[in-house]
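Below is one structure, written out as structure tokens; comments come after it.
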Amino acid sequence: MPRHSGHHRHHRRRHRHHNGHHGHHRRRVRFKHRERNFIAAVCSMIVIVTLCTALAEPSWFYVKCGGCRLQKNVYIQNTTLGAHQFFYVGFFEEFYTTQGDHQVTHYIYHNGAKADATLIDCVTPKAVLVLRCCIALTFLAIVFSFLGFTLDLYGPTGRTPKLIRRYGFGSILTVLICVTINGLCFYVTEMLVELQRNTRTHPGMATAVRFSVSFYLIAVAGAVSIIAVACSLLRRYPPHEESRRDSRLLDDFDGMYAGMPPLPANVPPPPAYSP
């Protein structure tokens with residue numbers, strides 16, 4: 001009977017070791033789950049979709065009653081300019097006309113592989129450079145938003161990723177980039193207005209350059225990024241000391257179980273207890 005009791009004690013010890021390992025795994029999963037922020041992740045995904053739509057949308061600026069046209073001698077009262085027209089590496093041609101006592105510079109921008117892919121009196125070389133900066137910044141904002149989305153979705157417990165996620169650095173950078181893009185768009189409109197006034201067909205015609213769909217999509221992306229930042233900053237996480245202590249304990253458990261040799265299957269039971 002004592003021999004049988006010793007065998008049961010050995011079996012319970014192995015069972016406790018097995019349960020302790022699985023309990024440690026459940027505690028680690030539960031701790032990582034507390035670090036996730038699904039609302040901020042959803043906001044970041046909305047920002048990514050909005051920014052991609054802004055790049056694909058063919059209407060970023062709306063030009064009215066100016067000299068902007070797509071073909072020579074074909075004047076269109078209303079023209080839209082989009083980011084897709086500036087993805088390719090194009091080149092400019094210049095020609096000059098005289099209006100009254102001053103000379104006017106006209107720009108022909110070849111913006112694609114096709115011969116008829118031209119913009120006449122629509123943009124200046126400086127405006128194209130600024131628009132390409134806007135496109136590059138939009139891609140950069142997508143990268144930062146995807147970084148924030150990944151961290152909020154998976155909730156890594158490392159010190160640096162946790163700091164980036166809890167303070168919403170990815171979304172903060174996206175907000176700053178969106179504000180910068182819209183500021184550059186204001187600068188572009190000033191250059192386009194000046195060009196349209198100089199190249200309009202009739203001197204007394206009122207010209208206008210307005211923002212179109214993509215500009216407002218960038219603004220919406222910045223607003224949603226602000227919501228994502230608020231979700232990160234207002235989220236109630238475990239206290240700093242508690243989370244650090246839990247992480248340290250989990251790491252200690254990992255080291256303890258990693259250092260223990262595996263128990264052989266055919267270990268003889270301990271000798272029977274004798275008083």
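The values are calculated or read from the model by the stated rules, or taken from the named source; none is laboratory data. Quick caveat, the model's predicted, so the values are computed rather than measured. A quick note on method: Cβ atoms are made from the backbone with ideal geometry, for glycine too, and the neighbour counts reach across all protein chains shown. Protein only, heavy atoms only, side chains kept; ligands, DNA and RNA dropped before computing areas. Shrake-Rupley method; radii C 1.70, N 1.55, O 1.52, S 1.80 Å.
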Going through region 98-123 in order, the residues found to be closer than 15 Å to Gln196 by Cα and at pLDDT below 80 are Gln99
Mind listing just one residue for me: the one in region 60-74 that is within 24 Å of Tyr216 (Cβ to Cβ) and in a strand (DSSP E or B) and, of those, modelled with the lowest pLDDT? Lys64
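Here is a yes/no grid of residues against (1) within 24 Å of Val128 (Cα to Cα); (2) at pLDDT 90 or above; (3) under 27 Å from the mean Cα position of the chain (by Cα):
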position	(1), (2), (3)
Phe186	yes, yes, yes
Glu194	yes, no, no
Thr201	yes, no, no
Ile218	yes, yes, yes
Val224	no, yes, yes
Ala230	no, yes, yes
Restricting to region 149-179, count the residues that are touching a residue at least 40 places away in the same chain (Cβ under 8 Å), open to solvent by less than 70 Å² (accessible area, probe 1.4 Å) and either part of a helix (DSSP H, G or I) or of a type in the set (Val, Ile, Thr) (or both). 14
Screening Ile142, Ile181, Ile135, Ile177 for residues that are over 26 Å from Gly112 (Cβ atoms) and of a type in the set (A, V, I, L, M, F, W, C) leaves only Ile177
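Which one of Thr118, Thr98 is open to solvent by less than 60 Å² (accessible area, probe 1.4 Å), farther than 25 Å from Val179 by Cα and among the polar types (S, T, N, Q)? Full working, then the answer.
Numbers: Thr98 fails: open to solvent by less than 60 Å² (accessible area, probe 1.4 Å).
Exactly one residue qualifies, and that residue is Thr118.
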